[in-house]
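These notes are about the structure you will find just below.
The values are calculated or read from the model by the stated rules, or taken from the named source; none is laboratory data. Keep in mind that what you see is a predicted model, and the values were worked out from it rather than measured. As a convention, Cβ positions derive from the backbone with ideal geometry for all residues, glycine included, and neighbour counts pool all protein chains shown. What goes into the accessible areas is simple: the full protein's heavy atoms, side chains included, and nothing from ligands, DNA or RNA. Shrake-Rupley method; radii C 1.70, N 1.55, O 1.52, S 1.80 Å.
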Amino acid sequence: MEKYRRATEIMKNLPITNPHCFVRQANIHCSYCTGAFKEENYDDMLLRIHRSRLFFPFHRAYLYFYERIVGKIMGDDSFAIPYWNWDVPEGMYMPDMFMNESLFHQKRETTHFPPRVTENDFHKSDKFLGPEKQIEANLALMYVQMVSGAKTPELFMGCPLKAGHDGWCMRSGTIEMSPHNSLHSWTGITSLREHEDMGAFYAAARDPLFYPHHSNIDRLWHVWRELNDVKEEWSDPEWFNSFFYFYDENQQLIRVRVSDMLDETKLGYRYVPSETFWLDYKPTPLVEPNLAKKELSKLNNGHNTPLFGSNIRRLDTTFTVKVPRSIKPVAEEEMKDGKKIHTEEILEVDGILAEENVAVKFDVFINMVNESMAIKSDVRVREYAGAFQTMGGGKKINAKKVGKIDDIRI
Ligand code: C2O
């Protein structure tokens, strides 16, 4: 850590003409997510590396080069960026070693300084649950985002973005929404509109805590693969061949493809097996399922619950809608060509219109017998299906686009 602190100090003092200087490294993040680049061959499409399956490989590549640069500055090519393990109780604080000298950052929320427990699904209107309950909620959230809500690569990693208009999509994977977005917003100053610096894409990487935050995201990608026995999420050339540019440790501009980023052992690192307490934190039903079933069918027979309807609704209050089921209930094993295949029932909330530069969040509960119970509940109950959560964007480069359409699958 001492060497890392020293290397960060050196990088902060390098002239701006040097691509290794801290600000320029931070700006790499900014330029890839504020629409500074266009997609190759599509002049009217901006390249985005968040809210799709490019999220994990892009950030892995970013950290890979950052790590090599730090290693070179320290003269230690075995250097590895530490990870901020906010997924287990002992890591649910701003890490002490990032609270001093060059690893400290002014623009952080002081009320969230240690010993305050992290709020891994933080949103400005949410209340802190107190340390013990918050730890439980953080663990339950990990269960939902890594296990129950992340049964397919698309749910975990985000939508399969491809080049061009037809390939466009915007849907973050579970971990990207929270804890990723939420801890960005939690770390930055909450009285600033976009919770700078960590809370906004354009400024986030100016906080040295960005890098260990993202190494944990990278580690969780590895953990998810192990849990699901997956080596490559898609065998799709469009994904494999998507590329980005970075400066390497010799100040050379290098083009890397997603396919270069899919096996971390080839990149020269691996994660030591670590605690996954959250596997034991499967949320439990708030209302006993048989009882809930009776209550819900009473409500439905009385035709009290409306459908969503076709009009746009403003989400300024809690509401309940009936969702007709279109497939056989519940995840089950099916046989296909003599092989067992696992099917998942997915609830999709589509066509969400939200301002691009503002952090937005809402929770979705299913089988909740009444609304007031939902308002009082959180991720610790099984009725919690998931949340939609974005992070602040920052400076608008392309002013034409004011709104965006997003969706979630849970
Ligand atoms: Cu590129 Cu944590 O965001």
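Numerical summary
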item	result
Size of charge dipole - the chain - debye, nearest 20, with Cβ of Lys, Arg +1 and Asp, Glu -1, no other charges	740
Semi-axis lengths (Å, descending) of the ellipsoid that matches the C-alpha gyration tensor of the chain	36, 24, 22
Relative contact order, percent, the chain [alpha-carbon distance under 8 Å, six or more residues apart]	20
Förster-model FRET efficiency, 56 Å R0, Lys298 and Met45, C-beta, rounded to 0.05	0.65
Solvent-accessible surface ranking, highest first, for Ile254, Ile217 at 1.4 angstrom	Ile254, Ile217
Charge dipole of segment 195-311 about the Cα centre (unit charges at C-beta), most positive-ward option of Pro289, Ala204, Leu299	Leu299
Lys, Arg +1 and Asp, Glu -1 on Cβ, resulting dipole of segment 118-210 about Cα centre, debye, nearest 20	160
Charge dipole of segment 36-135 about the Cα centre (unit charges at C-beta), most positive-ward option of Phe37, Ala61, Trp84	Phe37
Interchain or long-range residues, amide H under 5 Å from Glu39's placed H	Met45, Leu46, Leu47
FRET efficiency, 1/(1 + (r/R0)^6) with R0 60 Å, evaluated for Asp76 and Ile312 via beta carbons	0.60
For segment 131-138, Karplus couplings with θ = phi - 60° (6.51, -1.76, 1.60), whole Hz, Gly/Pro x	x, 5, 5, 5, 4, 4, 5, 4
Rg/Rh (Cα only; Kirkwood hydrodynamic radius) as it applies to segment 3-139	1.02
Within the accessible area of the chain (1.4 Å probe), percent carbon and sulfur	52
Loop sites in segment 183-269: trypsin sites (Lys or Arg not before Pro), DSSP, at most 14 other Cβ within 10 Å	Arg193, Lys231
Distance between segment 129-177 and segment 192-258 - C-alpha centres, whole angstrom	15
Folded to 0 to 90 degrees: helix 210-228 orientation relative to the chain principal axis, Cα	50
Neighbour-limited loop hits for trypsin sites (Lys or Arg not before Pro), segment 86-142 (at most 12 other Cβ within 10 Å; DSSP other than H, G, I, E, B)	Lys124, Lys127
Stretch gain in nm, segment Val23-Ile10, where the contour uses 0.36 nm per residue and the Cα spacing is subtracted	3.5 nm
Leu192-His342 pseudo-label distance in nm [points 7 Å out on the Cα-to-Cβ vector]	4.1
Residues with amide H under 5 Å from that of Tyr247, placed H, sequence gap 5 or more	Ile254
Inter-label distance, nm, simple model (7 Å from Cα along the C-beta direction), Gln106/Asp280	4.5
Å² per residue, accessible surface of segment 2-280 at 1.4 Å	42
